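Shown next, in structure tokens, is the structure this report addresses.
The values are calculated or read from the model by the stated rules, or taken from the named source; none is laboratory data. All values reported here derive from a predicted model rather than from experimental measurement. Cβ: placed from backbone, ideal geometry, glycine included. Neighbour counts: every protein chain shown. Only protein heavy atoms, including side chains, enter the accessible area calculation; ligands, DNA and RNA are left aside. Shrake-Rupley method; radii C 1.70, N 1.55, O 1.52, S 1.80 Å.
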Amino acid sequence: MHWIATRNAVVSLPRWRSFAFLFRSPFRTHSSLKPSPLLLLNTRYSERRYCLGDGKSVKGITTASSKKVKTKSTDVLTDKDLSHLLWWKERLQTCKKPSTLQLIERLMYTNLLGLDPSLRNGSLKDGNLNWEMLQFKSRFPREVLLCRVGDFYEAIGIDACILVEYAGLNPFGGLRSDSVPKAGCPVVNLRQTLDDLTRNGFSVCIVEEIQGPTPARSRKGRFISGHAHPGSPYVYGLVGVDHDLDFPEPMPVVGISRSARGYCMISIFETMKAYSLDDGLTEEALVTKLRTRRCHHLFLHASLRHNASGTCRWGEFGEGGLLWGECSGRNFEWFEGDTLSELLTKVKDVYGLDDEVSFRNVNVPLENRPRPLHLGTATQIGALPTEGIPCLLKVLLPSTCSGLPSLYVRDLLLNPPAYDIALKIQETCKLMSTITCSVPEFTCVSSAKLVKLLEQREANYIEFCRIKNVLDEVLHMHRHPELVEILKLLMEPTWVATGLKIDFETFVNECHWASDSIGEMISLDDDESHQNVSKCANVPNEFFYDMESSWRGRVKGIHIEEEITQVAKSAEALSLAVTEDFHPIISRIKAMAASLGGSKGEIVYAKEHESVWFKGKRFTPSVWGGTAGEEQIKQLKPAFDSKGKKVGEEWFTTQKVETALVRYHEASENANARVLELLRELSAKLQTKINVLVFASMLLVIAKALFSHACEGRRRKWVFPTLVGFSTDEAANPLDGGATRMKLTGLSPYWFDVASGTAVHNTVDMQSLFLLTGPNGGGKSSLLRSICAAALLGICGFMVPAESAYIPHFDSIMLHMKSYDSPVDGKSSFQVEMSEIRSIVSQATSRSLVLIDEICRGTETAKGTCIAGSVIENLDASGCLGIVSTHLHGIFDLPLTAKNVAYKAMGADNVEGQTKPTWKLTDGVCRESLAFETAKREGVPETIIQRAEALYISVYAKDASFGVVRPNKTETSSDNEIRKPVRSERSLEKDLAKAILKICGIKMVEPVGLECLSIGARELPPPSTVGSSCVYVMKRPDKRLYIGQTDDLEGRIRAHRAKEGLQGSSFLYLVVQGKSMACQLETLLINQLHEQGYSLANLADGKHRNFGTSSSLTASDVVSIS
């Protein structure tokens, strides 16, 4: 009844703004004033286009003749229309600009556009532009509609208000009160306008005009060319341009519900036509997912309204408050019914999809997968960027690795993989760290970008080259004996990441087919002479370049031979016409008048008009009668632009030249159209293998992430842990696989660089729960954070910052550190802490790692001590591993029933009468807090500290004596031996490599085993070179050599290739002992290779040391190269 009354009210009232109270949804829709930052995905929309007008057909477009948009009456609103108007009303209420507010006052909510028909230009008569825009709006009612009108994209009504508020545009016609709201942007500014709108969370529907001449008394046909969503840019027309388009992080539609198993989160990716379902989540894990992935739309199921406290006021008591605080700052809508089916229905409504469209479930059923990280755990170890917390991602990967690989690693940390997948990842990293061959560059392409561009047939030449690089790098790994094992190991992690299960041989064969298909069509050979731009006498080269550069060199010439021939013939005809009609006039002018400062004439390319015309300064055709060139002068006529307007007094042309220009433009346009048609056909062909392409692109993203981690871990001297499962056998060897034990030897904080020697190492041998005490600043928090990070890295398959490590595959890792109050939720810091403790205690099992720092710090000491003791008993009973640190020393006087708790302390030494922390983990209890010393160090006034000491002595004098625990010696393990490089089977420039080895062998004390290894043009050095001194020879594209030495071979190669003209350089290198030897060999190679006839680019560097000249070598030492 509520909706019926509302609908009647709207239809009967001329204005809605005075009756806003009538429009209240049965479920509140909350909105945030904060704009939603852009992340990364793409969108869909297939070849189907919805078109209005007289246009019959355009390539790739279904027009009005094949699909018509249903028209509806403009004076009656359905219940669905009312819900859409309510949605827009909510967003208009957040507008603040005075100009926007004035426009809103002129809206009338009797149609989806918000137009008032009584105002100027507000008519919705059948057939006019407003009526046409209303039909498009009815198809996508919750998207801002931009309609192409000439050189502008226009919006009216509600959409105009949004443009003025969020895109910074001015309303058309100023702020006239008698006209409907109208705004727009020039065609050239469309991309910026779309970015502004999507950045603020709006979706946009773009309507294009069908270009070309329009018959008299006929309106231009228009069609929906595409959509722009947050995380999914507009791609229409991309196939015809030579620039790339950045795709942000995917932004799914998210639905959240609750059941007996916990919270459920469904993420639907419209572009990929896929969804993932995470069930049994804790509240903290769910909030973590929401924090790390912004969504396009958020839907909350009615099951969330009833919490554990039995109240319908969601989030008021107990569980649900954290989630409520996260959702209340976002735009969301309520829904009821079956969670998955209802959410899919809403997605189809949002994106205008047919009911027949299906979505696939990409969840991979894996057993023994750890629980996702809690929000507190993720923030306290820097898996989520947090101010003041060392970022874990920044030490896992080198600074050169960002984008998709970094996102993959982040998601892996937040959602640790199953045991089998973790072992695969670790084995892959181990192989990568020991190979000696060069590796591909690992081209990374967004899977969503691939899907959208191929589905929309908008992949251009650049994108096809990138796709081929992806496929060729996969095939390169398959062909190489060292890399093929890595490729096989990557198959399962890629299956988990994509939800696509593909047989290895099938995958390789399909990559071959797709690569060959692209290679057969796309022009990859720079030596194809027939792809050069036309060059003809008397016609400016710039004209031909502008006309032909958009299609030349895109596809192989064999596919467009006829079109190329026609372009060449028409270019010759144009050159002939220009020569015959313009050249005699120019010759006559130069001979008779130019030397006297008279008239001047030249053949000029009029870029704005895409024409070649005669331009004569102070030139009047009539006065040149009776002279040479008279016939050509009589043929001259003023030049006109495409709209029939005279260009200027100095521009002339002839009928013959104009005819030749028309013929040339037609030939060039035909060639361009044929190239676009071939590219779209290739998109359609590759779309049949879209699963293989998505799989290959994700595989290379994972490969690059793991390769980068192996390099960075090797540089930091981290190690691969022994990853073991839990055992129920009490007789099992503690260090055998399956032991309920974690041992970290030589553990260092992950944010310290071990190679620099500044880190303090600790050994942690954990078989039960630790109760940890220690002074302020003694390293308790750093130790907990380090243990948490090491355990998490281990169960994800990564290297850890230790000398050796044995890590069980925990089912959950939970870290609780300091808590802050939450005024939005009305919770004190102790309430927030208890909420997190509740979650930890309820989730802890015998396979969990629980780390709690300074428990119950936010309440009264006596009761806080008792709560802490009870929590310790509960955790001890669960059998979990972990640490609880505390300053509540009264806990040792409680009659605890815990049987397996071990007492540990952060050590301290007495130096010259002062107690100082050692940051070493020891056995025992430390009752010293160093509170006074810490306060003094932080600048607290001395008078306050002295008074505090006096008060302490007066109250606690009898307890003033305390023991300081001394640290035990830290166990160490022998360094892992670095495997020496094995000779590569591939060797580029064998003669040069032979010469390098012989020259360097002269200087080397132990030349046995010296190897010269190669790095191809699109390859990088293996991780085994990290931290080693290398001498390298770069073979430049100009055939000259550059010789150098470095301790960072990968960084040096990237620096060389970043320079203009050196992108395709290949390298030979040798790993030598020490920088001094590398410097000597560098000079020796420069001098000796020059003497042997090699052309060097840095010959002058050979004079930097008095070493390696010919005088220092005997005749027998000089290398002879045939």
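Looking across the range 1067-1085, the residues that are out of contact with any helix residue (DSSP H, G or I) (no Cβ under 7 Å at 6 or more places or on another chain) and either open to solvent by less than 20 Å² (accessible area, probe 1.4 Å) or part of a strand (DSSP E or B) (or both) come down to Ala1078, Cys1079.
Answer yes or no: is there a residue in the range 280-287 that is among the polar types (S, T, N, Q), surrounded by 17 or more Cβ atoms within 10 Å (Cβ to Cβ) and at pLDDT below 90. Yes, because at least one residue in the range 280-287 is among the polar types (S, T, N, Q), surrounded by 17 or more Cβ atoms within 10 Å (Cβ to Cβ) and at pLDDT below 90.
Assess whether Asp79 counts as being touching a strand residue (DSSP E or B) at 6+ places or on another chain (Cβ under 9 Å), more than 26 Å from Lys220 (Cβ to Cβ) and surrounded by fewer than 15 Cβ atoms within 10 Å (Cβ to Cβ). So Asp79 fails the test. Being outside any helix (DSSP H, G or I), modelled with pLDDT of 90 or more and open to solvent by less than 20 Å² (accessible area, probe 1.4 Å) is the requirement here; does Leu679 meet it? No; evaluated as a whole, the condition is false for this residue. All of (1) of a type in the set (A, V, I, L, M, F, W, C); (2) modelled with pLDDT of 90 or more; (3) on the phi > 0 side of the Ramachandran plot hold for Phe810 with one exception: (3). Restricting the first member to the range 996-1010 and to residues that are modelled with pLDDT of 70 or more, and the second to residues that are of a type in the set (S, T, N, Q) and open to solvent by less than 50 Å² (accessible area, probe 1.4 Å), the beta-carbon pairs closer than 6 Å and six or more apart or on different chains are Ile999/Gln1088.
Please tell me if Arg120 is in contact with a strand residue (DSSP E or B) (Cβ under 8 Å, 6 or more places away or on another chain), open to solvent by 20 Å² or more (accessible area, probe 1.4 Å), under 25 Å from Asn331 (Cβ atoms) and in the same structural domain as Tyr166 (by the TED database).
no
Do you know which residues across the range 909-949 are modelled with pLDDT of 75 or more, of a type in the set (Gly, Ala, Ser) and either in contact with a helix residue (DSSP H, G or I) (Cβ under 6 Å, 6 or more places away or on another chain) or surrounded by 10 or more Cβ atoms within 10 Å (Cβ to Cβ) (or both)? Hits for the range 909-949 are Gly924, Ala931, Ala935, Ala948.
Of all residues in the range 709-723, those that are open to solvent by less than 10 Å² (accessible area, probe 1.4 Å) and either farther than 16 Å from Thr434 by Cα or not hydrophobic (A, V, I, L, M, F, W, C) (or both) total 3. Put simply, of Ala514, Ala497, Ala459, Ala448 the only residue that is open to solvent by 40 Å² or more (accessible area, probe 1.4 Å) and touching a residue at least 60 places away in the same chain (Cβ under 8 Å) is Ala497. Please determine, by comparing only the residues of the range 133-155 that are more than 34 Å from the chain's Cα centre (by Cα) and farther than 13 Å from Cys205 by Cβ, which one is modelled with the highest pLDDT. Only one residue tops the list, namely Val149.
Against the numbered list (1) open to solvent by 50 Å² or more (accessible area, probe 1.4 Å); (2) in contact with a Pro (Cβ under 8 Å, 6 or more places away or on another chain), Glu342 comes up short only at (2). Of all the listed residues (Thr763, Thr758, Thr740), the sole one being among the β-branched types (Val, Ile, Thr), at pLDDT 90 or above and open to solvent by 10 Å² or more (accessible area, probe 1.4 Å) is Thr763. Counting just the residues of the range 875-898 that are among the aliphatic types (A, V, I, L, M) and part of a helix (DSSP H, G or I), which one comes out farthest from Met766 (Cα to Cα)? Result: Ile891. Taking the range 766-787 as the search range and keeping residues that are open to solvent by 20 Å² or more (accessible area, probe 1.4 Å) and more than 36 Å from the chain's Cα centre (by Cα), which one is farthest from Ala805 (Cα to Cα)? It comes out as Asn776.
Does the range 521-538 contain any residue that is touching a helix residue (DSSP H, G or I) at 6+ places or on another chain (Cβ under 7 Å), free of Cβ contacts under 8 Å to residues at least 12 places away in the same chain and farther than 20 Å from Gly1016 by Cα? Yes, that holds for at least one residue.
Would you mind finding the one in Ser848, Ser870, Ser829 that is assigned by the TED database to the domain that holds Ser812 and open to solvent by 50 Å² or more (accessible area, probe 1.4 Å)?
So the residue among Ser848, Ser870, Ser829 that is assigned by the TED database to the domain that holds Ser812 and open to solvent by 50 Å² or more (accessible area, probe 1.4 Å) is Ser870.
For the residues Asn415, Asn361, the requirement of being exposed (fewer than 15 other Cβ atoms within 10 Å of the Cβ) and polar (S, T, N, Q) singles out Asn361.
Residues of the range 786-801 that are of a type outside the set (A, V, I, L, M, F, W, C) and touching a residue at least 40 places away in the same chain (Cβ under 8 Å): Gly794, Gly797, Pro801.
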